[in-house]
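Q: Just passing along the structure, written as structure tokens.
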Amino acid sequence: MELFVYFCRNKKLVIMQQKLVVFTGAGISAESGIPTFRDKNGMWGKYDAMKLASVEGFEEDPQAVLDFYNARRKNLLEVEPNHAHFVLAELEKQYDVTIITQNVDNLHERAGSSKVIHLHGELFKVTSSRNRLDSDCIKEYPLDVPICLGDKAADGSQLRPYIVWFGEYVDNMDLAEHLVKMADIFVVIGTSLVVYPAAGLVNYAHREIPKYLIDPNDMKRGLPFGFEHIKAKAAEGVDELVRRMEELEK
Ligand code: APR
């Protein structure tokens, strides 16, 4: 475990853990039973993304959108974090770990990860359909309680899932970019890297640091520059990742 040790002004000993930043997508939850979006049997192969995951779709047919998300919210109660989620949580013993995820599930948190940033929203929260970033309206909502037409947010507008729909602004990108820039080790797991601005995060990692990508498939747009491709499913790939990070310290 590589630590940075230095003395601060009042001669107190300060130990800094290496910053490990992990950027995840749907692939890390696939082995927990949550389908990805663009693989064979992926969600967007079965459902129309623009009808079900856009403001226009919600205006046109709010019931269909609520049914889609209520089913995904209920399904989240039936799945568990997998080995990949647990290994990332475990790494907090050795590293200062931050998870930046595109996933709207809470499997990272349920596996014990303490620093998780959701770029695309969270299934277990709801918000206002007038202003989804209004913090007075964002609140946790039991996964087994369906969001219904007529349910009101604190501002009196129709309640909606706290999800970033296509075409909507991703409000914590600045923080995510900053964290990737500050990383000592950067890891990407289970994302096709085709949805922006999130996919652009791979360009913020410092060129000198170790960078790994875990995915059983080749990347549609090629492997980002400077990354080692661990060609495996997440649960198996994280064990290989740990082995390679141990190598780094030898
Ligand atoms: N382990 C690791 N990776 C996997 C596994 C697995 N078991 N199974 C599939 N993958 C990989 C696929 O090869 C693919 O590269 O996970 C990736 C999943 O890609 P997508 O389905 O496109 O999901 P993601 O990249 O997370 O989508 C980004 O798009 O639909 C929107 O908002 C939604 O956050 C989502 C965003």
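Derivation of every value follows stated rules applied to the coordinates shown; laboratory data play no part. No experiment lies behind these values; they were computed from the predicted model shown. Neighbour counts are summed over all protein chains in view; Cβ atoms, including those assigned to glycine, are modelled from backbone coordinates with ideal geometry.
Q: Could you pull out every one of the lysines with an alpha carbon less than 26 Å from that of LYS19, ignoring same-chain neighbours closer than 8 positions?
A: The qualifying lysines are LYS11, LYS93, LYS115, LYS181, LYS211, LYS231, LYS233, LYS250.
Q: For the chain, what does the equivalent ellipsoid look like in terms of its semi-axes, each the square root of 5 times an eigenvalue of the Cα gyration tensor, given largest first in whole Å?
A: That gives 34, 21, 16 Å for the three semi-axes.
Q: Let me ask you something else. List the pair-distance distribution P(r) of region 42-101, using every Cα-Cα distance, as the percent of pairs falling in each 5 Å bin from 0 up to the bin containing the longest distance, rounded to whole percents.
A: With a bin width of 5 Å, the distribution comes to 4, 15, 16, 15, 13, 12, 11, 9, 4, 1.
Q: Here's something else I'd like to know. Which whole-angstrom value gives the distance between the alpha carbon centres of region 146-174 and region 47-69?
A: So the separation of the two Cα centres works out to 12 Å.
Q: Kindly give the semi-axes, whole Å and largest first, of the ellipsoid equivalent to region 138-177, taking each as the square root of 5 times a Cα gyration tensor eigenvalue.
A: Semi-axes, largest first: 24, 12, 10 Å.
Q: If you average the sequence gap of Cα pairs under 8 Å that are 6 or more apart and divide by the length of the chain, what percent do you get for the contact order?
A: 20 percent.
Q: Sort LEU248, LEU223 by Cβ crowding within 10 Å, fewest neighbours at the top.
A: Neighbour counts put them in this order, fewest first: LEU248, LEU223.
Q: Report the Stokes-Einstein translational diffusion coefficient (µm² s⁻¹, integer) for region 52-187, Rh taken as the Kirkwood radius over Cα pairs, at 25 °C with viscosity 0.890 mPa s.
A: After rounding, the answer is 152 µm²/s.
Q: When N is the residue count of region 6-115, what does its C-alpha Rg come to as a fraction of 2.2 N^0.38 Å?
A: Here the answer is 1.45, to two decimals.
Q: While we're on this one: Sorted by mean Cβ packing within 10 Å, highest first, what order do the peptides 177-190, 68-81 take?
A: 177-190, 68-81
Q: D for region 129-241, whole µm²/s, Stokes-Einstein with Kirkwood Rh over alpha-carbon pairs at 25 °C and 0.890 mPa s: what number?
A: D = 146 µm²/s.
Q: Moving on. Counting Lys and Arg as +1 and Asp and Glu as -1, each charge on the Cβ, what is the dipole of the chain about the Cα centre in debye, to the nearest 20?
A: Its charge dipole is roughly 480 debye.
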